[in-house]
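Student: Sharing a structure below in structure tokens format, with a few things to ask.
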Amino acid sequence: MTTNSISRAQPSGATKTIPLGITASVVLTLCAIALWGVSLSQVNLSRMDDYGLMSVLPWTFYAAFILLTIGFALALHQPQLSEPILLLDLGVLILFIHGTPQLLYGTLRYAWAWKHIGVVEFIQRHGSIDPNVDAYHNWPGFFALGALFTDAAGLDSALGYAGWGPAFFNLVFVGALLMIFKTLTTDRRLVWLGVWFFALTNWIGQDYFSPQAFGYFLYLIVIGICLAWFRVTTPPGKLAIKRWVRLDRLASRLRDLFTRALNSAPPGPPSHPYQRVGMMMIVLPILGVVAASHQLTPFMMISALAALVVLQITTTRNLPLLMVVFTGTWMLYLAEAFLRGNLYWVVDSIGQLFQVSSPDLVDISIASRDQAVVAIVGRVFTAFVGLLALLGGIRRLRAGYWDLAAITLIVVPFAMLVANSYGGEMLFRSYFFALPFLAFFAGALLQPRPAAGASGWRTAATILLSGALFVGLLFAYYGKERMYFFTRPEVAAAQYLYDGAPKGSIFVSVTWDYPSLFHNYEYYRNAPICCGSKQILPRGQATLVADLLRLMKSHPVGYVIFSRGQRAHVEMIGLMPLDQLAMAEQTIRQSTEFRLVYQNSDAEIYAWVNPGGGVGK
């Protein structure tokens, strides 16, 4: 050994020096967690206004996010990436966004999520499903899995863990997105930045304890496997393309597009035929589970897989056909009860491109002033995400990357708008399915090509752009929390009903916004009487009692529920004038036909006992 080599040798016990940027990132993350913990103790939910949760979050919450973002940006733009630190920061970000509501409320968000608890509880009680109860039993895969997990955990109800659904699902989305993005680029910084931006732009609220969140995760897994292990490795010849495209010039252009896209994509992982067989053995059961779990996701899966095959991105040519077979078989034989009762609705909604009706879309003309601001900011935020993706896609293209797979998986979900309105929610679901790839291109705006070493301007730009996205997320995701969350007294009132109301009773509420259908739900009828109308009943206030009695006459007992959440819903969305709601409450309170049977700080329940039969509580 030469003298120079001896002088360069490291002592056997020497340890590597941790870069200062990584140390600073870890310290900032720990400080952010501490500040976040302090912020939770300072929140007073009773002061929440029509700006939602952000109206009661203290400055320490926002300071925690700023510190976390700086820490993430420092770690992202180090010469040597420390992916465990980036994963830690992502996990903390998800905890900040999705764990905060659960820790503050202690109850399940979203009125519609409570029925999911009820379906799981039904399967626990009966050990089976009943396709004639409702549509949830026609696609029971998620609920059966929930019942299995709940029983295995020794719990009486999924309420014990369902509130953590958004945090859990967003964490598993991260794993799926890391797999997908690594098939789109070799730039690890772009991979992590794309996932970070996904977490900051996922505002649709379809990540809770639901079949949609479950199906979405499985959708991402299948797409990731197809892009990683079943990628086309050689572009098709011109003659092969001309079998489908007769025009010579167009065939040449398509072959050039396929070649450029293939050459600019990173190589897939090396695999042997038996590995691909193993992957296919994973994919096939997933397709079956998706077909059995959700109405929309199978069609998104069929469209995406078919597009990837047609555009010569994946070799899984039989998967779209198999998914059609799985979906068609399930719907014709196992979801037949739903189709029989809803065929007109399904056919009627085909091609209704402009029908959009969802709790996430507020009519600005009748909503409260603050809710109008929330709605406008949410729409601008969504458009901003699309603009970032467009600019990032242009930068990627100018850098020589033809991201055909990512572009395809953005376009396909929005093409579903032509097929069906999905009860007015297709626009939101399309955004949700396209979002991973919109976030990828948004990241490409700052990271269009692999960057060598640290970059000061990219670090600053990451912090600033993350801050802008976080502001939009606060409005879009937290802006309706006053009607999305339920207090413990509201839950106690609902528990009172579902624990002891006689079978066959009817529960009448002003709106759907209260914890309902989570226990013994098949025994009762729910009747929210103000859905999309400014009038509480068609006949108006003067005949309210008479109208209610006509609605209840075929039931042994009728209950009328007034609650804080319903009042918030009416006030925020503008379903009716507030004085009309107050008069309705006063009318029921003074009526001799109804008697008060339950009351607490946030809810009142009135009962009417049918003189022809039935026993009140």
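The values are calculated or read from the model by the stated rules, or taken from the named source; none is laboratory data. Treat the numbers as computed from the prediction; the structure is a model and nothing was measured. So basically every Cβ, Gly included, is an ideal-geometry build from the backbone, and we count neighbours across all protein chains shown.
Student: Let me confirm something: among 445, 387, which residue is surrounded by fewer than 20 Cβ atoms within 10 Å (Cβ to Cβ), modelled with pLDDT of 90 or more and either under 20 Å from residue 472 (Cβ atoms) or of a type in the set (S, T, N, Q) (or both)? Before the answer, list the steps.
Tutor: Numbers: 445 fails: surrounded by fewer than 20 Cβ atoms within 10 Å (Cβ to Cβ).
Answer to the selection: 387.
Student: Hey, does the range 1-24 have a residue that's buried (at least 17 other Cβ atoms within 10 Å of the Cβ), modelled with pLDDT under 95, more than 29 Å from the chain's Cα centre (by Cα) and of a type in the set (S, T, N, Q)?
Tutor: Step one: of the range 1-24, the residues buried (at least 17 other Cβ atoms within 10 Å of the Cβ) are 21-22.
Right, trim to modelled with pLDDT under 95 and you get 21-22.
Pick out the ones that are also more than 29 Å from the chain's Cα centre (by Cα) and you get 21-22.
Adding the requirement that they be of a type in the set (S, T, N, Q) leaves none.
Checked against the condition, which is being buried (at least 17 other Cβ atoms within 10 Å of the Cβ), modelled with pLDDT under 95, more than 29 Å from the chain's Cα centre (by Cα) and of a type in the set (S, T, N, Q), the range 1-24 yields no hits at all.
Student: So which of 408, 487, 459 ends up being in contact (Cβ under 8 Å) with a residue 40 or more places away in the chain and within 23 Å of residue 383 (Cβ to Cβ)?
Tutor: Answer to the check: 408.
Student: A further question on this structure: Conditions: (1) modelled with pLDDT of 95 or more; (2) small (Gly, Ala, Ser); (3) surrounded by 21 or more Cβ atoms within 10 Å (Cβ to Cβ). Residue 111 meets all but one. Number of the miss?
Tutor: It is condition (1) that residue 111 fails.
Student: Further question: Can you name the residue in the range 504-523 that is part of a helix (DSSP H, G or I) and aromatic (Phe, Trp, Tyr) and, of all such residues, is surrounded by the fewest Cβ atoms within 10 Å (Cβ to Cβ)?
Tutor: Restricting attention to the range 504-523, the residues satisfying the condition of being part of a helix (DSSP H, G or I) are 521-523.
Restricting the remaining residues to those that are aromatic (Phe, Trp, Tyr) gives 521, 523.
Working: 521: 21, 523: 12.
Per the stated criteria, the residue is 523.
Student: Among (1) at pLDDT 95 or above; (2) buried (at least 16 other Cβ atoms within 10 Å of the Cβ); (3) within 30 Å of residue 518 (Cα to Cα), which single condition is residue 50 missing?
Tutor: (1)
Student: Keeping to the range 297-321, report how many residues are surrounded by 17 or more Cβ atoms within 10 Å (Cβ to Cβ) and closer than 23 Å to residue 236 by Cβ. First the steps, then the outcome.
Tutor: As a first pass, look at the range 297-321 and keep what is surrounded by 17 or more Cβ atoms within 10 Å (Cβ to Cβ): 297-309, 311-314, 316, 319-320.
From the residues that got through so far, the ones that are closer than 23 Å to residue 236 by Cβ too are 302-309, 311-314, 316, 319-320.
Here the count works out to 15.
Student: Another question, then. Please state which one of 181, 169, 149, 173 is without any contact (Cβ under 8 Å) to a residue 40 or more places away in the chain and out of contact with any Pro (no Cβ under 6 Å at 6 or more places or on another chain).
Tutor: Details: 181 fails: without any contact (Cβ under 8 Å) to a residue 40 or more places away in the chain; 169 fails: without any contact (Cβ under 8 Å) to a residue 40 or more places away in the chain; 173 fails: without any contact (Cβ under 8 Å) to a residue 40 or more places away in the chain.
Going through 181, 169, 149, 173 in turn, the sole match is 149.
Student: A further question follows. Which fully enclosed helices (runs of 4 or more DSSP H) of the range 216-326 have 1 or more residues being closer than 29 Å to residue 428 by Cα and modelled with pLDDT of 90 or more? Lay out the reasoning, then the answer.
Tutor: Details: elements: 238-242, 248-264, 273-291, 297-310.
Answer list for the range 216-326: 273-291, 297-310.
Student: Which number in (1) outside any loop (DSSP other than H, G, I, E, B); (2) farther than 30 Å from residue 74 by Cα marks the one condition that residue 462 misses?
Tutor: The number of the failed condition is (2).
Student: Kindly evaluate residue 556 against the criterion of being of a type outside the set (Gly, Ala, Ser), modelled with pLDDT of 90 or more and surrounded by fewer than 20 Cβ atoms within 10 Å (Cβ to Cβ).
Tutor: On the way: of a type outside the set (Gly, Ala, Ser): yes; modelled with pLDDT of 90 or more: yes; surrounded by fewer than 20 Cβ atoms within 10 Å (Cβ to Cβ): yes.
So residue 556 passes the test.
Student: Here's a check for you: in the range 132-150, which residue that is surrounded by fewer than 19 Cβ atoms within 10 Å (Cβ to Cβ) and at pLDDT below 95 is farthest from residue 207 (Cα to Cα)?
Tutor: We begin by selecting, within the range 132-150, every residue surrounded by fewer than 19 Cβ atoms within 10 Å (Cβ to Cβ); these are 132-135, 144-145, 148-149.
Adding the requirement that they be at pLDDT below 95 leaves 132-135.
On the way: 132: 27, 133: 25, 134: 22, 135: 20 Å.
Looking at the filtered set, the residue picked out is 132.
Each row is one residue, and each column tells you yes or no for (1) aromatic (Phe, Trp, Tyr); (2) over 11 Å from residue 29 (Cβ atoms); (3) part of a helix (DSSP H, G or I).
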position	(1), (2), (3)
70	no, no, yes
78	no, yes, no
90	no, no, yes
97	no, yes, yes
113	no, yes, yes
117	no, yes, yes
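Student: In addition: Check residue 129 against each of (1) buried (at least 18 other Cβ atoms within 10 Å of the Cβ); (2) assigned to a loop (DSSP other than H, G, I, E, B); (3) touching a residue at least 60 places away in the same chain (Cβ under 8 Å) and name the one condition it does not meet.
Tutor: (3)
Student: Here is a further query. Just checking, does the range 494-503 include any residue being buried (at least 21 other Cβ atoms within 10 Å of the Cβ) and at pLDDT below 90?
Tutor: Scanning the range 494-503 turns up no residue that is buried (at least 21 other Cβ atoms within 10 Å of the Cβ) and at pLDDT below 90.
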